[in-house]
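One structure is given here, and the rest of the page talks about it.
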Amino acid sequence: MESAPLAGGTPDVLLRLFVTGSSQRSLRAIEAVEGMCKEFLGNGVRLEVVDVSETPDQAEHEKILATPTLIRQVPSPPRRLVGDMCEPERVIQLLGLKEYVRPRRAE
């Protein structure tokens, strides 16, 4: 469930989304975060989706207590958001990603 790495090396932003299986809540979180990345953040973002039921050691290492949890790994320091990911503007603000939002195209 991991996205492909960017061609060209290290991403400007690395997000790691922890979910549990393919529950409705997990699927909504994946869809919301992928949509936010495509619509607002563009190519400088790498999103890794981690299923804690498949990789419990990674969840334990990151001290994941609830899912869905979204962590901004890069740039440092890491920031976490637990719960609803459906409001992209709120997620961007809480994770400190405003400077990475690409300009909107005129329609």
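What number of residues within segment 14-43 satisfy the criterion of being assigned to a helix (DSSP H, G or I) and more than 15 Å from Leu65 (Cα to Cα)? Qualifying residue count for the region: 19. Scanning segment 71-84 for residues that are in contact with a strand residue (DSSP E or B) (Cβ under 6 Å, 6 or more places away or on another chain) and farther than 18 Å from His61 by Cβ gives a single hit, Leu81. Taking the criterion of being out of contact with any Asp or Glu (no Cβ under 6 Å at 6 or more places or on another chain) and assigned to a strand (DSSP E or B), the residues of segment 44-74 that qualify are Val45, Arg46, Leu47, Val49, Val50, Asp51, Thr69, Leu70, Ile71, Arg72, Gln73, Val74.
In segment 61-86, the residues that are within 20 Å of Glu31 (Cβ to Cβ) reach residues that are part of a loop (DSSP other than H, G, I, E, B) and among the charged types (D, E, K, R) with C-beta atoms within less than 7 angstrom, at least six apart or across chains, in these pairs: Ile71/Glu62. Can you pull out the residues in segment 75-94 that are outside any loop (DSSP other than H, G, I, E, B) and among the aliphatic types (A, V, I, L, M)? Listed by number, the residues that qualify are Leu81, Val82, Val91, Ile92, Leu94.
Pairs are defined by a Cβ separation below 6 Å, a sequence spacing of at least 6 or placement on different chains, a first member in segment 28-48 that is in contact (Cβ under 8 Å) with a residue 60 or more places away in the chain, and a second member that is of a type in the set (Lys, Arg) and not in a helix (DSSP H, G or I); the pairs so defined are Gly42/Arg102. Report yes if some residue within segment 10-29 is closer than 24 Å to Tyr100 by Cβ, surrounded by fewer than 15 Cβ atoms within 10 Å (Cβ to Cβ) and β-branched (Val, Ile, Thr); otherwise report no. Among the residues of segment 10-29, at least one is closer than 24 Å to Tyr100 by Cβ, surrounded by fewer than 15 Cβ atoms within 10 Å (Cβ to Cβ) and β-branched (Val, Ile, Thr), which makes the answer yes. How many residues are modelled with pLDDT under 95 and either closer than 21 Å to Leu27 by Cα or not in a loop (DSSP other than H, G, I, E, B) (or both) when one looks only at segment 95-105? Summing the residues that are modelled with pLDDT under 95 and either closer than 21 Å to Leu27 by Cα or not in a loop (DSSP other than H, G, I, E, B) (or both) in segment 95-105 gives 3.
The values are calculated or read from the model by the stated rules, or taken from the named source; none is laboratory data. On a predicted model such as this, the values are computed, not experimentally measured, just so you know. Here the Cβ is made from the backbone with ideal geometry for all residues, glycine too, and neighbour counts use every protein chain on show.
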